[in-house]
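Asker: Could you have a look at this structure, given as structure tokens, before my questions?
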Amino acid sequence: MTKPFEMMELLARIESLLRRGKRSAVPALGGYAFGGVRIDFRKAEVIANGEALDLSALEYKLLRYFVDHRGAVLSRDQLLDEVWGYETEVYTRTVDVHVAALRQKIEPNPAKPEFIVTVWGRGYKFLG
């Protein structure tokens, strides 16, 4: 018979594997488009209104994560864990700064975002 601690550890490991194993069909398609933005996942290129965008590696990774999880509310902690690759208990503005930079590049009006919206008290949601 398994002990409760062993069962909890097993469940945590399974959840971790399932979380890592989640992959969207989007990359298999090779691209995604929303508004005036086109993303070519094979070439790692982002084009907005006919102009190539100069995204940092982290901005590209963040955008791809948003696309893969479109419609879901993503907390700052979740983004730090999945995009940056570390967990933290300390509140950080890192996510906010990078989201703001990404909005400057992809939103028609960054002051009134249409694609990456803030869900107050919870995080961000991608509506593209």
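Asker: Taking the range 19-43 on its own, how many of its residues are out of contact with any Phe, Trp or Tyr (no Cβ under 6 Å at 6 or more places or on another chain), modelled with pLDDT of 80 or more and not in a strand (DSSP E or B)?
Answerer: Residues flagged as out of contact with any Phe, Trp or Tyr (no Cβ under 6 Å at 6 or more places or on another chain), modelled with pLDDT of 80 or more and not in a strand (DSSP E or B) within the range 19-43 amount to 5.
Asker: What's the total number of residues in the range 47-66 that are under 16 Å from Glu114 (Cα atoms), at pLDDT below 95 and surrounded by 13 or more Cβ atoms within 10 Å (Cβ to Cβ)?
Answerer: 1
Asker: Moving on. Among all residue pairs at least 6 apart or on different chains, which show Cβ distances below 7 Å where the first residue, located in the range 47-61, is farther than 15 Å from Val97 by Cβ and the second is among the small types (Gly, Ala, Ser)?
Answerer: Listed by first residue and then by second, the contacts come to Ala48/Gly36; Asn49/Gly36; Tyr60/Ala44.
Asker: Another question, if that's okay. Looking only at the range 96-127, which residues are in contact (Cβ under 8 Å) with a residue 24 or more places away in the chain and either farther than 23 Å from Ile47 by Cα or buried (at least 18 other Cβ atoms within 10 Å of the Cβ) (or both)?
Answerer: Passing the criteria: His98, Val99, Leu102, Ile106, Phe115, Ile116, Val119, Arg122, Gly123, Tyr124, Phe126.
Asker: Kindly evaluate Tyr124 against the criterion of being in contact with a strand residue (DSSP E or B) (Cβ under 8 Å, 6 or more places away or on another chain) and among the hydroxyl-bearing types (Ser, Thr, Tyr).
Answerer: Considered against the rule, which asks whether it is in contact with a strand residue (DSSP E or B) (Cβ under 8 Å, 6 or more places away or on another chain) and among the hydroxyl-bearing types (Ser, Thr, Tyr), Tyr124 comes out as yes.
The values are calculated or read from the model by the stated rules, or taken from the named source; none is laboratory data. Because the structure is a prediction, the values reported are computed rather than measured. Virtual Cβ from ideal backbone geometry, glycine too; neighbours counted across all protein chains shown.
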